[in-house]
1. Quickly run through segment 146-157 and pick out the residues that are within 15 Å of residue 173 (Cα to Cα) and in a loop (DSSP other than H, G, I, E, B).
2. Among the numbered criteria (1) in contact with a helix residue (DSSP H, G or I) (Cβ under 6 Å, 6 or more places away or on another chain); (2) at pLDDT 75 or above; (3) not in a helix (DSSP H, G or I), which one does residue 89 miss?
3. Select from segment 111-134 the residues that are over 12 Å from residue 192 (Cβ atoms), of a type in the set (A, V, I, L, M, F, W, C) and not in a loop (DSSP other than H, G, I, E, B) and list them in ascending order.
4. Which ones in segment 146-162 are within 17 Å of residue 121 (Cα to Cα) and surrounded by 15 or more Cβ atoms within 10 Å (Cβ to Cβ)?
5. Filter segment 131-155 down to the residues that are in contact with a helix residue (DSSP H, G or I) (Cβ under 6 Å, 6 or more places away or on another chain) and not polar (S, T, N, Q), then identify the one that is farthest from residue 114 (Cα to Cα).
6. Name the single residue that is surrounded by the fewest Cβ atoms within 10 Å (Cβ to Cβ) among those in segment 163-193 being of a type in the set (Val, Ile, Thr) and closer than 27 Å to residue 68 by Cβ.
7. Looking only at segment 167-179, filter to residues that are within 25 Å of residue 23 (Cα to Cα), of a type outside the set (D, E, K, R) and in contact with a helix residue (DSSP H, G or I) (Cβ under 9 Å, 6 or more places away or on another chain); which one of those is modelled with the lowest pLDDT?
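The values are calculated or read from the model by the stated rules, or taken from the named source; none is laboratory data. Note that the coordinates shown come from a computational prediction; the quantities given were computed from them, not determined experimentally. Cβ placement follows ideal geometry from the backbone for every residue including glycine, while neighbour counts extend to all protein chains displayed.
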Amino acid sequence: MTCHQLIFADEEHALFTGQPVGDAQAGAALFAQTCATCHGEDGATPVGDEGAVINAEAYWSTHDDAVILQDVGTGSHGQMAAFAQDLNGPLSWEEILDVTAHIRSWGPVAPVEMPAGGSPTFTAAIGPLLTERCGGCHGDSAGLTVTDYDALMAGSSVGPVVVSGEPDGSRIVEVQRGTHYAQLSTMELDALIEWIVDGAPRQ
C-alpha cells in the first residue's frame with residue numbers, strides 16, 4: 001500500500017486523457033481531512049527529508065496536472081501504510097481528481113516562453129511547448145506521442161491529430177478548445193493554431 005492509492009497502475013487511468021480535474025472546493029475539504037495532517041492546512045508545511053512543500057511556486061509552477069495526479073494518486077514519497085489505516089485512505093479516483101484541482105488552484109502553471117518574432121516551428125516553439133504541457137502523458141509511450149515531430153504528425157491509433165493547414169480539422173486543437181488535463185493557455189493555443197495554419201513546419 002503506498003501513501004495514497006495504487007490506481008495509476010490501472011490501465012484505465014494510466015493516461016488520464018479526456019477527463020478534467022475535479023472540483024477544487026470538494027478537494028479542499030478532502031485535503032483538510034486526509035492531507036493536512038502531514039502537509040499542513042494550507043499545504044505549506046515541509047514534509048520528508050527534503051522538506052518538500054506542495055503549496056509553493058517551486059512545486060505548482062513546475063508540475064503539470066499529470067504529475068500532480070500521479071503524486072496524489074500513488075504518492076511520490078515512499079511507503080506510508082499509515083495513510084490508508086489512519087487517515088481515511090485510500091482515495092478514490094474521483095477524490096484524486098478533486099484534490100488535484102485544489103492543489104492546482106493554489107497557483108498558475110508557469111507560461112512556456114514563445115520565441116519572439118517569426119512564425120512558430122516545432123523545433124523552436126511547439127515541440128518544447130507540447131513536451132512541457134503534454135509530455136507527462138504523451139511522451140514515449142503507447143498511444144499518442146507529442147514530443148517527437150514525426151510521431152506527432154503520424155497521429156494516434158484513432159487517426160491524425162494534426163492536419164497541416166487545417167486547425168479546425170486537427171484533433172489536437174479540438175481537444176485543447178475543450179477541457180483537458182494539460183490545458184494550454186490562450187496564447188499557447190494561438191501559437192499552436194498559427195503553427196498548423198502555416199503548414200506545421202518542423203523547423
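1. Kept after step one, since they are within 15 Å of residue 173 (Cα to Cα), are these residues of segment 146-157: 146, 152-153, 155-156.
Within segment 146-157, 146, 155 qualify.
2. Among (1) in contact with a helix residue (DSSP H, G or I) (Cβ under 6 Å, 6 or more places away or on another chain); (2) at pLDDT 75 or above; (3) not in a helix (DSSP H, G or I), the lone unmet condition for residue 89 is (2).
3. Selection gives 124 alone.
4. Selection gives 146, 147, 148, 149, 151, 152, 153, 161, 162.
5. Step one: filter segment 131-155 for residues in contact with a helix residue (DSSP H, G or I) (Cβ under 6 Å, 6 or more places away or on another chain), giving 136-137, 145-147, 149.
Now restrict to residues that are not polar (S, T, N, Q): 136-137, 146, 149.
Working: 136: 20, 137: 22, 146: 17, 149: 18 Å.
Out of the qualifying residues, it is 137.
6. First, the residues of segment 163-193 that are of a type in the set (Val, Ile, Thr): 163, 172-173, 175, 179, 186, 193.
Okay, now just the ones that are also closer than 27 Å to residue 68 by Cβ, so 172-173, 175, 179, 186, 193.
Working: 172: 25, 173: 20, 175: 19, 179: 11, 186: 7, 193: 18.
It comes out as 186.
7. From segment 167-179, those within 25 Å of residue 23 (Cα to Cα) are 172-179; that's our starting set.
This time we only want the ones that are of a type outside the set (D, E, K, R), so: 172-173, 175-176, 178-179.
With in contact with a helix residue (DSSP H, G or I) (Cβ under 9 Å, 6 or more places away or on another chain) added as a condition, the list becomes 172-173, 176.
Values: 172: 95, 173: 95, 176: 88.
The extreme case among them is 176.
Here's the yes/no breakdown for (1) under 15 Å from residue 127 (Cα atoms); (2) over 20 Å from the mean Cα position of the chain (by Cα); (3) outside any helix (DSSP H, G or I):
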{"position": "168", "(1), (2), (3)": "no, yes, no"}
{"position": "172", "(1), (2), (3)": "yes, no, no"}
{"position": "176", "(1), (2), (3)": "no, no, no"}
{"position": "184", "(1), (2), (3)": "yes, no, yes"}
{"position": "190", "(1), (2), (3)": "yes, no, no"}
{"position": "194", "(1), (2), (3)": "yes, yes, no"}
